[in-house]
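What follows is one structure encoded as structure tokens, with my remarks underneath.
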Amino acid sequence: MFLVGSRQVRLAGLATALLALALATGSATAQYAPYRQRPNAYDRGSARGDRDHRPGVFDYYVLALSWSPTYCAGLRSGRRDPQCDGGRPYAFVLHGLWPQYQRGWPQDCRSPDRGWVPAPVAERMLDIMPSKKLVFHEYRKHGTCTGLGVDGYFDLARRLYEKVKIPRRFVRLSDNRFTIAPGALMRAFLDVNPDLKPDMIVVACGGAGNRLKEVRVCFDKRGSFRSCGRNEDQAKLCRADRMYVPPVRAGAGGGASRPADRRGPPPTRDILPGPRDERRL
């Protein structure tokens, strides 16, 4: 009789536990809404890395114009780079054309060409993107997400690059002590690009002396200027009141040994490179 009673106690305890588990599971299920029923905040968060990036599915473009002298000043001593050691005095060069969501961006999308860039395509871009490695990288990471194919992507990138007029002072800047406020640089671009508005352009700076890194201009999918999204936050991209703008030189080479640079803010390894720099939110 005692054994039967003990078994009944155990069965009663098990039933109670199962009932409690069922109630807890039901409560959790009620609180955990299916993915498609979650608030919009989850969708915004997925734009960073969880979204299934599909070619052609994005909101707008960012054209990134890198200030080549800042990149070259950041090269380690002894390292050679055709962008910095050749005979052409590069100023603003094309870093890339980036598809963007309103917040976040797609990258490394699947494409029939698997991100492959034919050598002739890379070579014809070298006048504005002076590195084949940069050309290959930009198409694999960003171009595949445009849905335009390799030729369409670089044709559009060149067209938009040529659409943005560069203020004359920055074509062959020679003053090795030149500094400027980010807002003043933006106004210089607005003056020579009448269709460009203040919310369509941002300036990035960083490193020793708060050096000018990039100017980024936003376009819609048709290639017209448009306002930028949350990614282009001016307060985050350049917090300096004034930036140092290294001068343009031909064949100056990289590293920290350039005499003229010693007369301005000293170049150091913490200068963030231009065309090779990876973006962060």
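Summary of computed values
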read-out: Restricting region 196-216 to residues that are in contact with a Lys or Arg (Cβ under 9 Å, 6 or more places away or on another chain) and assigned to a strand (DSSP E or B), the residue that is surrounded by the most Cβ atoms within 10 Å (Cβ to Cβ); value: A204
read-out: Failed item in (1) out of contact with any Ser or Thr (no Cβ under 7 Å at 6 or more places or on another chain); (2) at pLDDT 95 or above, with L212 passing the rest; value: (1)
read-out: Complete set of residues in region 203-233 that are among the aliphatic types (A, V, I, L, M) and under 15 Å from G183 (Cβ atoms); value: V203, A204, L212, V215
read-out: Some residue of region 81-96 being in contact with a Cys (Cβ under 6 Å, 6 or more places away or on another chain) and assigned to a strand (DSSP E or B); value: no
read-out: Pair list, Cβ < 8 Å and 6+ apart or interchain, from region 196-209 residues that are of a type in the set (D, E, K, R) to residues that are at pLDDT 95 or above; value: K197/L190; K197/F225; K197/S227; D199/S227; D199/C228
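The values are calculated or read from the model by the stated rules, or taken from the named source; none is laboratory data. In this text the structure is predicted, and so the values were computed from the model without any measurement. Backbone-built Cβ (ideal geometry, glycine too); neighbour counts: all protein chains shown.
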